[in-house]
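Please treat every number below as a calculation from the coordinates, not as lab data. The shown structure was predicted, so the numbers you read here are calculated from the model rather than taken from an experiment. Quick reminder, even Gly has a Cβ in these numbers, built from the backbone with ideal geometry, and neighbours come from all protein chains shown.
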Amino acid sequence: MPRIPRVVLASGNPGKLRELRELLKGQIRLIDMRELALAAAEETGSSFEENARLKAFAAAGQSGLPALSDDSGLEVDALGGAPGIHSSRYAGDDGNARANIRKLLKDLDGVPAGKRTARFRCVLVLAMPDNEQAPLIAEGVWEGRIAERTEGRRGFGYDPVFLDGRTGKCAALMTAAEKGRKSHRGLAARALVRLLGRRGAAAG
């Protein structure tokens, strides 16, 4: 695997930083973009991958370092895939998890349990500052359903209302290790590490 000692995480979300540092421990050392006073890229893309690319290339260009971006969100089937790329600002204010959850539960009021299927989707993009190498892109999907009320205090975002599709356990009740094994972000992180290994093998 090629050695990438320092990588800027192109996100100001402390929950994502915490999870990705744990998931990529021993592989990549992530730097909080706020430590470098980097400006956040405007998310004007129409998909998770487009937004992840925008953020990764912006952070790499500003810092001169490799940059990793995470664009992720919740897709609810009964809402036609919403909130999707607008997950962090579903209720209006960016990053207001409580307001987002309240709106989500209101929008699903009266929808029976069998129709509350949903998934978390995560796209990771690792971009190099010199653009000499194509970015690495990895995706992970976590299938589940939306609960009728919140439960648990762990995690962040929509975790208090997301139930794992296999076990029915709420994401906000899971330990970091348990969530990492199941989650969209964990799946994407492991896929990224495999891609790095293949790139290193090809270079060698």
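What order do you get for D164, D159, D71, D93 when you list them from fewest to most C-beta neighbours inside 10 Å?
D93, D164, D159, D71
Which of the GluC sites (Glu not before Pro) across region 31-132 are loop residues per DSSP, with 15 or fewer other Cβ within 10 Å?
Passing sites in region 31-132 are E42, E132.
Test of the criteria: in region 106-204, which trypsin sites (Lys or Arg not before Pro) are in a DSSP loop and have at most 14 other Cβ atoms within 10 angstrom of their Cβ?
Answer by residue number: R149, R153, R166.
Report the charge-dipole magnitude of the chain in Debye, nearest 20, computed about the Cα centre from +1 at each Lys and Arg Cβ and -1 at each Asp and Glu Cβ.
Charge dipole of the chain: 800 debye, to the nearest 20.
Chymotrypsin sites (Phe, Trp or Tyr not before Pro), restricted to region 112-204: which are DSSP loop and have at most 16 other Cβ atoms within 10 Å?
Passing both the DSSP loop test and the Cβ count: F156.
List the lysines whose Cα sits under 29 Å from the Cα of K106, skipping any in the same chain fewer than 8 residues away.
Straight-distance partners of K106: K16, K115, K169, K179, K182.
Of V7, A60, S46, whose Cα points farthest to the positive end of the dipole of region 1-144 (charges on the beta-carbon: +1 Lys, Arg; -1 Asp, Glu; origin at the Cα centre)?
Value: V7.
Please give the per residue volume of the convex hull enclosing the alpha carbon atoms of region 1-115, rounded to a whole number of Å³. Could you put the intermediate results ahead of the total?
Values: hull volume 15.0 nm³, N = 115.
Taking only Cα atoms, region 1-115 has a hull volume of 131 Å³ per residue.
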